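The values are calculated or read from the model by the stated rules, or taken from the named source; none is laboratory data. Predicted model, so just to flag it, every value in this text is computed and none were measured. No Cβ is skipped: glycine too gets one built from the backbone with ideal geometry, and neighbour counts run over all protein chains shown. Only protein heavy atoms, including side chains, enter the accessible area calculation; ligands, DNA and RNA are left aside. Shrake-Rupley method; radii C 1.70, N 1.55, O 1.52, S 1.80 Å.
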Amino acid sequence: MFSTNDITALKGVTAMKKPWQRAGRIFSISATLLLSTLSHAQTIVLDKGVGTVLSTYPIGQFSIPVSIFGGASLSVDSSGNRTMVSDLGNSALGPISSGNLSAVSKIPSDMLGMGRTILALDSFAGTNQSGALIAINPTSGQRSLVSDFGNPNQGLPLGGTPRGVVASPGVLGFGTAIYIIDNNTGTNGHGLLTKIDPHTGNRTVLSDFGDNAQGPLGSSPTSIALAPAGMFGLEPKLLVLDTAIGTYQVGVLFVVDSRGNRTTLSDLGSPDQGQTLGVSPQKVAVFPGGMGESAAIYVIDSGAGSDVNNNAMGALFRIDPNNGNRTLVSDFGDLTKGVGDDLSEITTTASGDLLVYDDLIEGGTMRPKLLLIDHVTGQRTIASDCRNTALGPCGRPIGLTQLP
C-alpha cells in the first residue's frame, strides 16, 4: 500500500495559477454530435478531487482543513452522466494512490492479459513517493501495480515526478510497451523518457532530455502522445511537449524516435510557426486517423487566445507534422464558439473531435466542465457539467481518455 502521510509537506504544494488562469469547465457541441461521437466509446476521466479522503492538512490563518482525496476513475456516458469506476483511495480494489494522480491513458486491448485496461499515473505514490503506474479494469474497478518508480529492482534512475503516460501496441519500432515522461529526473533534472515492460514493470531509459547527444535539450517535459506510422515516416514516433523551453521558454513540441533521438517539431514561442504565440501549453494529443479523417496533432494552451477585454482564455491549436506550424482551431475568448477559459486536459475521440477539460470560473466560483470541440469549426459544447451533482461525482479532473 502506498504511503499518503505528509504528502504536501514532503513533495511541495501545487504551483499557484497565474492571474489569467481561472478555474473550470468541460464543454460539448450539439446534442446530435455529442451522441454520435461518444455513444460508441467509453469516456474515462481521472479525477483527483473525489473518492475516499486519505488525509487533511491545514491552510490559512485559521488552519482551515483541506482534504486530500484518493481520486477516482470516472466513466462518462453520452448524456454526460458520470459513474465512479474505481475509487483509488479504497484499498479493497487494489493499491491506493497518494492523492497526486497526474495522467491517464488507455492501453491496447489485452496488453496486460486483462482485456480493456486503463493506466493511471500517480506522481507521488510508490516507494519513497517516487511515483507509480497503476492498471485499472474499467469494468470492475479492480487495480494492480504495474511499476513502482521507487523500486531500484525495476530500473534506474528512480522516478522524480512522472507526469505523462502512453502505451504502444507493438507496431514496428516501439514494440509492446508503456512510455512515461518524467520532468524531474534525467541528467541535471532536464527530464527523462522511460520505457516500461507491461508484464514485469521493469524500466529502461529511452531518451534523456539532459543528454545533448540524443538531440535538443529539454527542461520540463510534461505530456506525451503516440504519433502513428505515416505521420513522420514508416515508423510511429513519440511526441513530447516540454512547457519550459524554446523561444521565451514558452514550450517546444519534440518528436522522439524508437532509439530515443529527439528533434524539434514546433517552437511554441516562435511567431514564425503560428499567428498566435503560445503562452502556457498544457497537453498534446494525437488523432491517429480514421472515419475518413487524417491523423492530426493538437496542443491546448491555457494562456493563449483572448476575449474582448484582452484576457487570456485559452486556445486549441493543430500542429502541422510537416513543418510544425500551428493553426488555431478554437479560441476560448470567442464566445460565439461556446464557453471556456482555462483548458487543462485533452483527448481525441473516434471521430477526430476533441474532449477538453476546462477549469472555468463563473462569478468567482470554480465551475469545471467537460467540453466537446468540433475539430473543423472549433465549436464548443458542454459534454458534462461538474456543477450538476445529479450527473454524478466530479471534483478535479486531471486526465481524459477514451476506450473503444
- Message: Can you give me the accessible area per residue for the stretch 46-174, using a 1.4 Å probe, in Å²?
- Response: 37 Å²
- Query: How much length is gained on full extension from residue 213 to residue 156, taking 0.36 nm per residue of separation minus their Cα-Cα distance?
  - Reply: 18.6 nm
- Where the centroid of each part is defined by its Cα atoms, how far is the stretch 284-351 from the stretch 370-404 in Å? 15 Å
- Note on the structure: Taking a crude spin-label model, label points 7 Å out from Cα along the C-beta direction, the residue 311 to residue 388 distance in nm is 2.4 nm
- Over the stretch 128-249, what is the relative contact order in whole percent, taking alpha-carbon pairs under 8 Å and six or more residues apart? 18 percent
- Round to a whole number: what % of the accessible area of the stretch 120-186 belongs to carbon and sulfur, probe 1.4 Å? 48 percent
- Item | Cβ-derived FRET efficiency at R0 22 Å, residue 234 paired with residue 199, nearest 0.05 | 0.25
- Query: Tell me, how many Å apart are the Cα centres for the stretch 132-153 and for the stretch 184-250?
  - Reply: 22 Å
- With a ≥ b ≥ c taken as the square roots of the eigenvalues of the C-alpha gyration tensor of the stretch 120-239, please select rounded if a/c is under 1.5 and otherwise prolate if a/b is larger than b/c or oblate if it is not? oblate
- Message: Please compute the per residue accessible area over the stretch 222-284 with all protein chains in place, 1.4 Å probe, rounded to a whole number of Å².
- Response: 38 Å²
- In the stretch 222-313, carbon and sulfur make up what percent of the accessible area (probe 1.4 Å)? 49 percent
- Message: So for the stretch 47-195, averaging the separation of alpha carbon pairs under 8 Å that are six or more residues apart and normalising by length, what relative contact order in percent results?
- Response: 15 percent
- Gain upon complete extension [residue 53, residue 66; 0.36 nm per residue less C-alpha separation]: 3.7 nm
